[in-house]
Amino acid sequence: MIKLFKSKKAAGEPFIFLAWPEVLAFCFLIIGFMLAAIAKSAVISYIIIFFCGMIAGRIWFIYKKEMKVTIALMLAGFLIGFLIGNFYGSTLATIMSFLFGLVLSYNFHHKYKFLSL
């Protein structure tokens, strides 16, 4: 096995199993970059990031008592990847659209608990 993937903390445990949130955050960074690169206008970018924010709000609501840091790391990775790949549109408007979708979806799921898991 490659020495880079060996963990110093756990004897014999591969690094990828201990650092899975970081690996997932990097994967979400790449997914966010590709989604932003596909969008060919600012309006489409804002719509995509709004719906991604709504999905993020649902995920945040489902896992609100556990794995907060992991979910926040993955969402931050996705948002950073989207911002890097967003060639059309404002960075501030993109962040605000994402946060608006996240808060709207989280509050919706909090208010109407019978619709969620």
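The values are calculated or read from the model by the stated rules, or taken from the named source; none is laboratory data. Small disclaimer: the values here were computed from a predicted structure and weren't measured. Note: ideal-geometry Cβ built from the backbone for every residue, glycine included; neighbour counts use all protein chains shown.
Would you confirm whether or not segment 83-91 contains a residue that is within 16 Å of Ile55 (Cα to Cα), in a helix (DSSP H, G or I) and in contact (Cβ under 8 Å) with a residue 12 or more places away in the chain? Looking through segment 83-91, none of the residues is within 16 Å of Ile55 (Cα to Cα), in a helix (DSSP H, G or I) and in contact (Cβ under 8 Å) with a residue 12 or more places away in the chain.
Please determine, by comparing only the residues of segment 71-114 that are of a type in the set (Phe, Trp, Tyr) and out of contact with any Leu (no Cβ under 9 Å at 6 or more places or on another chain), which one is modelled with the lowest pLDDT. Only one residue tops the list, namely Phe114. When you check Phe61 against the structure, is it surrounded by 14 or more Cβ atoms within 10 Å (Cβ to Cβ) and under 22 Å from Lys113 (Cβ atoms), yes or no? Yes, satisfied. From the list Ile31, Ile62, exactly one residue is touching a residue at least 12 places away in the same chain (Cβ under 8 Å), of a type in the set (A, V, I, L, M) and in contact with a His (Cβ under 9 Å, 6 or more places away or on another chain). Which is it? Selected residue: Ile62, the only one of Ile31, Ile62 that is touching a residue at least 12 places away in the same chain (Cβ under 8 Å), of a type in the set (A, V, I, L, M) and in contact with a His (Cβ under 9 Å, 6 or more places away or on another chain).
Rundown of residues vs (1) modelled with pLDDT of 90 or more; (2) surrounded by fewer than 20 Cβ atoms within 10 Å (Cβ to Cβ); (3) under 30 Å from Tyr112 (Cα atoms), yes/no style:
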{"position": "Phe15", "(1), (2), (3)": "no, yes, no"}
{"position": "Ile49", "(1), (2), (3)": "yes, no, yes"}
{"position": "Cys52", "(1), (2), (3)": "yes, no, yes"}
{"position": "Glu66", "(1), (2), (3)": "no, yes, yes"}
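Inside segment 67-99, residues that are of a type in the set (A, V, I, L, M) and within 13 Å of Ala56 (Cβ to Cβ) make up a count of 9. Among residues of segment 85-102 being loosely packed, with under 15 Cβ neighbours inside 10 Å and not polar (S, T, N, Q), the one that is farthest from Ile38 (Cα to Cα) is Leu92. Can you tell me which residue is farthest from the chain's Cα centre (by Cα) among those in segment 55-71 that are in a helix (DSSP H, G or I) and either farther than 20 Å from Ala25 by Cβ or among the aromatic types (Phe, Trp, Tyr) (or both)? So, considering only residues that are in a helix (DSSP H, G or I) and either farther than 20 Å from Ala25 by Cβ or among the aromatic types (Phe, Trp, Tyr) (or both), the one farthest from the chain's Cα centre (by Cα) is Phe61.
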